[in-house]
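**Q** Quick one: structure below, then a few questions.
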Amino acid sequence: MKNIIFKIYRSNFLLWDAIFLALVSLFLGTINLGNVALRDWDEGYYGTVSQDMFYSGDWVYPTYLGEPFLLKPPLTIWLITLSYHLGGINEFTSRFPCALISALSIPLLYLIGREVWQNRSSAILSACVYLTLLAVIRHGRLAMIDGMINTFFLISLLGIVKSYQSRLWLILVGMGLGLIALSKGTLVIPLGGILLVFILWQYSFKRCLSPYLWLGFLIGFTPVGLWYGLQIQHYGDAFIKVHFIEQNFSRLSTAVEGNRGGVGYYVWEILKYTAPWLFFLPSSLWINGKSLEKKGSKLVILGIILYFGLISVMQTKLPWYIMPLYPFFALSVGHYLGLLWENSVNYPRWIGWILMGIGGLSSVGLIYFIQTQASLILGLVVISLGLTLFLAGLKLYHKNRQFIPILIIGLSLSLSLFFFSNDWVWELNEAFAVKPVGKLLKNYTPRNTVIYTSFDYSRPSLDFYSQRKVISADDNRLKELLTSQNYLLLEREVFDQLQLENPSLLGEAEGFLLVRPSHHP
């Protein structure tokens, strides 16, 4: 009788914990989701391809402004297109499917934590650490694949760790990996490899022979095989070359599109985006390394070493490649925080000094905001973050476990304030505003027109808003185009330098002139 009561009690806590974490993650993942323009590059690409699919009705062969889009599998595009049908084409509907699925990774990580740590405190704190990592929550809000990949990966991982209760859970493994393959292609190979090594280390090879595991693979990979088969049949060698070689395998040996970095590239990414939880990582890894007989410790050490090693040796370096590492990071730090909460390990008082120091230095940032009259919301973010770190550091120094809820609540509040600002997609400040320029092009050029610009590089986000292909051209190419009737989008200084004779000036926006030259002098 006592066992039945305990199971009911535990299952109720499990359910309500997961629901609460899901609601908080949905709030952080969707507030002000449509208040800023789509950014380059992923958002512009996926928005434009989904827009094409919306208008053409062709769900099998994606196109980018009428040209075959061979770079990525279609799941993200399908979801965004469906969102367009439900809510129209705008920033919110472009981001919402990815944000919704990404937000589900937080309760999933909690459920995994309950299984591998067998401890409610460690599971909740693992999910809270993951929830308050800036890179995780921000990338999950964007119209890009990587936040969803973590959700699909955690679905597979949950199937593995729950399989000791029933082999039926193994169906989730193949389904999750199939969703990864239908979203980001060959990334399924390293992530599936990590899961395989974990199964062999923690369980046995017999688990790999389970019919439920293979049933999951059949369900998950049937649509993958069908879609890839249709693409290869339709496009032939061109699809194989672009999709598999140039966009996937080439990234291992070459820096695709100049995205390069040293072996320590991702160390810097972790240093930038994981504080203040970063300060607890060394101790957490030390504890997990000493207790490899535990399921959770094996998972954490294995995942961090294998995945970090893989992305570090890859020649192509991009910030979001590190995303699948963060669940392992959160599980490690969350377990350590759970031990601190239960007074099972000594308090790292030196971290308290660091947190108080960083909190005090935030006053310098507040002075900057006051002097420059910058965004009021960003000023509030600085105040919130500074107070959070200082108070948490003070509690930690005095060995008071309340530093943990102070950090979690304070960081969540700071993130909420940040997402209410227009600066959460800070890349938009790196170049001109695309929406006014896109409107200019839509108003004054025919559809399916190719437009050449003097700007340094082509911007997929501008293609999305203009529904036209805008190609960057150097000075020599622009001079060649002067004798034609092409539309030119020229910066004011470039327009003056070209000294066009009797140009047809169609409009101006954000310092750009849209012209159609009559002839060159």
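**Q** Filtering region 108-129 down to residues that are surrounded by fewer than 22 Cβ atoms within 10 Å (Cβ to Cβ) and closer than 15 Å to residue 20 by Cα, which residue is nearest to the chain's Cα centre (by Cα)? Give the steps one after another, and end with the answer.
**A** Step one: of region 108-129, the residues surrounded by fewer than 22 Cβ atoms within 10 Å (Cβ to Cβ) are 111, 115, 118-121.
Of the ones still in play, those that are also closer than 15 Å to residue 20 by Cα are 111, 120-121.
Numbers: 111: 21, 120: 27, 121: 27 Å.
Out of the qualifying residues, it is 111.
**Q** So if I check each of 355, 310, 325, which one is in contact with a Leu (Cβ under 7 Å, 6 or more places away or on another chain), part of a helix (DSSP H, G or I) and surrounded by 17 or more Cβ atoms within 10 Å (Cβ to Cβ)? Step through it out loud before you land on a result.
**A** On the way: 310 fails: in contact with a Leu (Cβ under 7 Å, 6 or more places away or on another chain); 325 fails: in contact with a Leu (Cβ under 7 Å, 6 or more places away or on another chain).
Exactly one of 355, 310, 325 is in contact with a Leu (Cβ under 7 Å, 6 or more places away or on another chain), part of a helix (DSSP H, G or I) and surrounded by 17 or more Cβ atoms within 10 Å (Cβ to Cβ), namely 355.
**Q** Go through region 56-74 and give me each residue that's open to solvent by less than 20 Å² (accessible area, probe 1.4 Å) and within 20 Å of residue 152 (Cβ to Cβ).
**A** 62, 73, 74
**Q** Let me ask something else about it. Which numbered condition trips up residue 241, out of (1) open to solvent by 40 Å² or more (accessible area, probe 1.4 Å); (2) under 25 Å from the mean Cα position of the chain (by Cα)?
**A** Going through the list (1) open to solvent by 40 Å² or more (accessible area, probe 1.4 Å); (2) under 25 Å from the mean Cα position of the chain (by Cα), residue 241 breaks only (2).
**Q** Let me ask you something else. Considering only residues of region 454-510 that are within 25 Å of residue 71 (Cβ to Cβ), hydrophobic (A, V, I, L, M, F, W, C) and in a loop (DSSP other than H, G, I, E, B), which is modelled with the lowest pLDDT?
**A** Taking region 454-510 and keeping what is within 25 Å of residue 71 (Cβ to Cβ), we get 455-474, 477, 489.
Remaining after also requiring hydrophobic (A, V, I, L, M, F, W, C): 455, 462, 464, 470-471, 473, 489.
Now drop any that are not in a loop (DSSP other than H, G, I, E, B), which leaves 455, 473.
Numbers: 455: 94, 473: 91.
Checked region 454-510; the qualifying residue modelled with the lowest pLDDT is 473.
**Q** Failed condition for residue 479, given (1) more than 18 Å from residue 442 (Cβ to Cβ); (2) touching a residue at least 24 places away in the same chain (Cβ under 8 Å); (3) crowded, with 19+ Cβ neighbours inside 10 Å, with all others met?
**A** With (1) more than 18 Å from residue 442 (Cβ to Cβ); (2) touching a residue at least 24 places away in the same chain (Cβ under 8 Å); (3) crowded, with 19+ Cβ neighbours inside 10 Å applied to residue 479, the lone miss is (3).
**Q** To continue, here is another question. Go through region 270-307 and give me each residue that's open to solvent by less than 50 Å² (accessible area, probe 1.4 Å), at pLDDT 90 or above and either within 17 Å of the chain's Cα centre (by Cα) or among the small types (Gly, Ala, Ser) (or both). Show your work before the answer.
**A** At the first step, the residues of region 270-307 found to be open to solvent by less than 50 Å² (accessible area, probe 1.4 Å) are 270, 274, 276-281, 283-284, 287-289, 291, 295-304, 307.
Imposing the further condition that a residue be at pLDDT 90 or above reduces the set to 270, 274, 276-281, 283-284, 287-289, 295-304, 307.
Within region 270-307, 270, 274, 283, 284, 289, 296, 297, 303, 307 qualify.
**Q** Determine whether residue 171 is within 28 Å of residue 385 (Cβ to Cβ), open to solvent by 10 Å² or more (accessible area, probe 1.4 Å) and modelled with pLDDT of 95 or more.
**A** Numbers: within 28 Å of residue 385 (Cβ to Cβ): no; open to solvent by 10 Å² or more (accessible area, probe 1.4 Å): yes; modelled with pLDDT of 95 or more: yes.
No.
**Q** A follow-up question, please. Right, residue 182: more than 30 Å from residue 36 (Cβ to Cβ) and not aromatic (Phe, Trp, Tyr) or not? Break it down stepwise before answering.
**A** Working: more than 30 Å from residue 36 (Cβ to Cβ): no; not aromatic (Phe, Trp, Tyr): yes.
Spelling it out, it is not the case that residue 182 is more than 30 Å from residue 36 (Cβ to Cβ) and not aromatic (Phe, Trp, Tyr).
**Q** On to the next question. Can you confirm whether residue 163 is surrounded by 22 or more Cβ atoms within 10 Å (Cβ to Cβ), polar (S, T, N, Q) and at pLDDT 95 or above? So that I can check it myself, show each step before the final result.
**A** Details: surrounded by 22 or more Cβ atoms within 10 Å (Cβ to Cβ): yes; polar (S, T, N, Q): yes; at pLDDT 95 or above: no.
So residue 163 does not fit the description; no.
**Q** Pull out all pairs, ordered by first then second residue, where Cβ-Cβ is under 6 Å, the residues are six or more apart or on different chains, the first lies in region 2-24 and is at pLDDT 75 or above, and the second is among the hydroxyl-bearing types (Ser, Thr, Tyr).
**A** Here the result reads 18/110; 21/110, each pair linking region 2-24 to a residue that is among the hydroxyl-bearing types (Ser, Thr, Tyr).
**Q** What's the number of the condition residue 58 fails, among (1) over 25 Å from the mean Cα position of the chain (by Cα); (2) at pLDDT below 95?
**A** For residue 58, the failing item is (2).
**Q** Is it true that some residue in region 139-152 is open to solvent by 10 Å² or more (accessible area, probe 1.4 Å), over 14 Å from the mean Cα position of the chain (by Cα) and closer than 29 Å to residue 39 by Cβ?
**A** Among the residues of region 139-152, not one is open to solvent by 10 Å² or more (accessible area, probe 1.4 Å), over 14 Å from the mean Cα position of the chain (by Cα) and closer than 29 Å to residue 39 by Cβ, which makes the answer no.
**Q** Sticking with this one: Please verify whether residue 505 is of a type in the set (A, V, I, L, M, F, W, C) and open to solvent by 80 Å² or more (accessible area, probe 1.4 Å), treating the condition exactly as stated.
**A** Values: of a type in the set (A, V, I, L, M, F, W, C): yes; open to solvent by 80 Å² or more (accessible area, probe 1.4 Å): yes.
Against the criterion (of a type in the set (A, V, I, L, M, F, W, C) and open to solvent by 80 Å² or more (accessible area, probe 1.4 Å)), residue 505 qualifies.
**Q** On to the next question. Given the structure, is residue 497 open to solvent by 80 Å² or more (accessible area, probe 1.4 Å), in contact with a helix residue (DSSP H, G or I) (Cβ under 9 Å, 6 or more places away or on another chain) and free of Cβ contacts under 8 Å to residues at least 40 places away in the same chain?
**A** Numbers: open to solvent by 80 Å² or more (accessible area, probe 1.4 Å): yes; in contact with a helix residue (DSSP H, G or I) (Cβ under 9 Å, 6 or more places away or on another chain): yes; free of Cβ contacts under 8 Å to residues at least 40 places away in the same chain: yes.
The answer is yes for residue 497.
**Q** Next question, about the same structure. Only residues in region 45-56 that are without any contact (Cβ under 8 Å) to a residue 60 or more places away in the chain count as the first member; pair them with residues that are among the aromatic types (Phe, Trp, Tyr) and open to solvent by 10 Å² or more (accessible area, probe 1.4 Å), Cβ under 8 angstrom, at least 6 apart or cross-chain, and list the lot.
**A** Taking only residues 6 or more apart or on different chains, the pairs are 49/64; 49/69; 52/64; 52/69; 53/59; 53/78.
**Q** Right, something else. Looking only at region 180-206, which residues are open to solvent by 30 Å² or more (accessible area, probe 1.4 Å) and either basic (Lys, Arg) or in contact with a Gly (Cβ under 7 Å, 6 or more places away or on another chain) (or both)?
**A** Answer for region 180-206, where residues must be open to solvent by 30 Å² or more (accessible area, probe 1.4 Å) and either basic (Lys, Arg) or in contact with a Gly (Cβ under 7 Å, 6 or more places away or on another chain) (or both): just 206.
**Q** Mind telling me which of the residues 429, 443 ends up being free of Cβ contacts under 8 Å to residues at least 12 places away in the same chain and part of a helix (DSSP H, G or I)? Spell out the reasoning first.
**A** Numbers: 443 fails: free of Cβ contacts under 8 Å to residues at least 12 places away in the same chain.
Answer to the check: 429.
The values are calculated or read from the model by the stated rules, or taken from the named source; none is laboratory data. Bear in mind that the values here come from a model prediction, so they are computed numbers and not experimental data. Using ideal geometry, Cβ is built from the backbone for each residue, glycine included, and neighbour counts are taken over all protein chains shown. When the accessible area is computed, the model is the full protein with side chains, heavy atoms only, and any ligands, DNA or RNA have been set aside. Shrake-Rupley method; radii C 1.70, N 1.55, O 1.52, S 1.80 Å.
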